[in-house]
1. Within segment 354-386, count every residue that is part of a loop (DSSP other than H, G, I, E, B) and acidic (Asp, Glu).
2. Only one of ALA291, ALA285 is in a helix (DSSP H, G or I) and either in contact with a helix residue (DSSP H, G or I) (Cβ under 6 Å, 6 or more places away or on another chain) or within 21 Å of VAL336 (Cα to Cα) (or both). Can you tell me which?
3. Quick check on segment 323-347: of everything there that is in a loop (DSSP other than H, G, I, E, B) and polar (S, T, N, Q), which residue is farthest from GLU371 (Cα to Cα)?
4. Looking at THR146, THR158, THR174, which is the one that is modelled with pLDDT of 95 or more and surrounded by fewer than 24 Cβ atoms within 10 Å (Cβ to Cβ)?
5. Go through segment 94-147 and count every residue that is of a type outside the set (A, V, I, L, M) and part of a helix (DSSP H, G or I).
6. Looking at segment 299-311 only, could you name the residues that are in contact with a helix residue (DSSP H, G or I) (Cβ under 6 Å, 6 or more places away or on another chain) and either outside any helix (DSSP H, G or I) or free of Cβ contacts under 8 Å to residues at least 12 places away in the same chain (or both)?
7. How about segment 55-90: which of its residues are in contact with a Phe, Trp or Tyr (Cβ under 9 Å, 6 or more places away or on another chain) and in a loop (DSSP other than H, G, I, E, B)?
8. Right, ALA350: surrounded by fewer than 20 Cβ atoms within 10 Å (Cβ to Cβ) and either out of contact with any Leu (no Cβ under 7 Å at 6 or more places or on another chain) or assigned by TED's automatic domain parsing to the domain that holds ALA133 (or both) or not?
Amino acid sequence: MRSAIRNILAASVAGTFVLAAGAASAEDVKVGIILGFTGPLESITPGMAASAELAWKEVNDSGLLADKLVPVRVDSTCIDSAAATAAAERLVTAEKVAAIMGADCSGVTTAVLNNVAVPNGVVMISPSATSPALTEAKDNGFFFRTSPSDARQGEVMTDMLVAQGVKSVAVTYTNNDYGKGFADAFGAAFKKAGGTVTISAPHEDGKGDYSAEVAALQAAGGDLLVVLGYVDQGGVGIIRAATESGAFEKFALGDGMYGQSLIDAIGKDLEGTVGLIPAAEGEGADKFAAAAKAANIDPTSSYTGQSYDAAALIALAMQKAKSHDRTAIRDAVLDVANAPGEKILAGELAKGLQLLKDGKDIDYVGATNVELIGPGEAAGTYREYVVKDGKYETVKFH
């Protein structure tokens with residue numbers, strides 16, 4: 001309970017800070033950002049929030065949207081569903097946001113969606129909630145995401161490992177909706193490809209010692225250890241215990257494990273590690289990278305492009321709907337995200353806003369080659385990387 005109260009207070013402080021930077025006026029429309037400013041992804045969250053705000057600043061600077069967008073940040077904690085729900089309730093009922101960019105981790109996203117967004121009819125566009133279970137969520141059309149489901153990531157990870165000649169793996173995953181869904185998706189795909197999963201075992205976040213978990217993984221064996229966890233929590237603890245004991249020398253990482261903090265924590269023992277992260281290449285990605293760097297944002301950090309795109313879709317949907325009514329925003333998202341229409345890249349939001357103002361169609365491509373399929377899901381692409389000389393080096397895109 002004390003942890004939940006602390007996180008709710010952190011959320012309140014974060015939101016107050018942003019509002020202080022630009023006091024609301026009669027023409028202002030508040031838009032929410034709910035991300036894990038504390039918790040197992042806290043090292044990557046600042047870049048995600050800043051990227052969303054970069055898109056909204058671009059919109060405000062254009063002067064083409066009828067209202068000024070004012071971002072309000074709150075803390076999802078990533079892991080505490082009660083705290084995330086309380087923070088989201090404040091966004092919706094007290095701050096009266098028109099839409100929400102977030103949440104981030106799948107468990108808190110599900111909680112916020114079920115308890116706050118759907119009952120109040122508020123659009124959520126998550127840049128990073130990847131659990132396959134969200135595909136089947138009863139969301140009344142209010143939930144979208146700009147990162148692909150882990151059902152696809154499991155297949156891509158299988159392709160990556162099979163291409164490297166890996167025939168057997170041990171798997172450890174964070175014990176929540178994200179970890180379980182990802183582990184199940186990867187395990188099914190790897191077995192279908194002829195591989196062997198020697199063990200698929202959960203780990204709890206927040207422990208100081210993972211030697212018992214690593215001992216069980218080592219006993220099962222495998223060509224390498226697949227870690228589907230969080231970069232600032234149990235995942236790094238598992239890798240540290242594995243390298244210190246010599247249990248495993250090779251690792252494959254899911255998207256939640258990507259971050260400079262992992263290299264800083266593990267050092268040379270991470271050399272040769274491979275992994276995946278949702279990412280894109282092309283002109284839109286290049287334009288986002290240039291804009292992000294100019295704003296002192298690392299464009300290679302996790303989910304920065306997806307956060308920019310989620311925020312951009314909210315603003316463009318408002319322009320399409322000619323309204324910041326919550327249901328009108330929902331009904332316009334797919335119209336601006338997909339063909340037909342003129343393609344709009346990252347950094348071209350003014351162009352998109354003007355076309356929509358003129359009654360024309362757009363096809364938002366953004367930073368990550370946005371294409372929403374099925375129930376508002378991202379088709380998505382992945383960047384395969386390897387840790388080489390203490391740095392993440394891109395191998396290819398899938």
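1. Total meeting the criteria: 3.
2. Just a single option satisfies the conditions, and that option is ALA285.
3. Applying the filter and picking the extreme gives SER323.
4. On inspection, the qualifying residue turns out to be THR158.
5. Total satisfying the criteria: 11.
6. PRO299, SER301, TYR303
7. SER76, THR77, CYS78, ILE79
8. Spelling it out, ALA350 is indeed surrounded by fewer than 20 Cβ atoms within 10 Å (Cβ to Cβ) and either out of contact with any Leu (no Cβ under 7 Å at 6 or more places or on another chain) or assigned by TED's automatic domain parsing to the domain that holds ALA133 (or both).
The values are calculated or read from the model by the stated rules, or taken from the named source; none is laboratory data. The shown structure was predicted, so the numbers you read here are calculated from the model rather than taken from an experiment. Please note: Cβ atoms are built from the backbone with ideal geometry, for glycine as well, and neighbour counts cover all protein chains shown.
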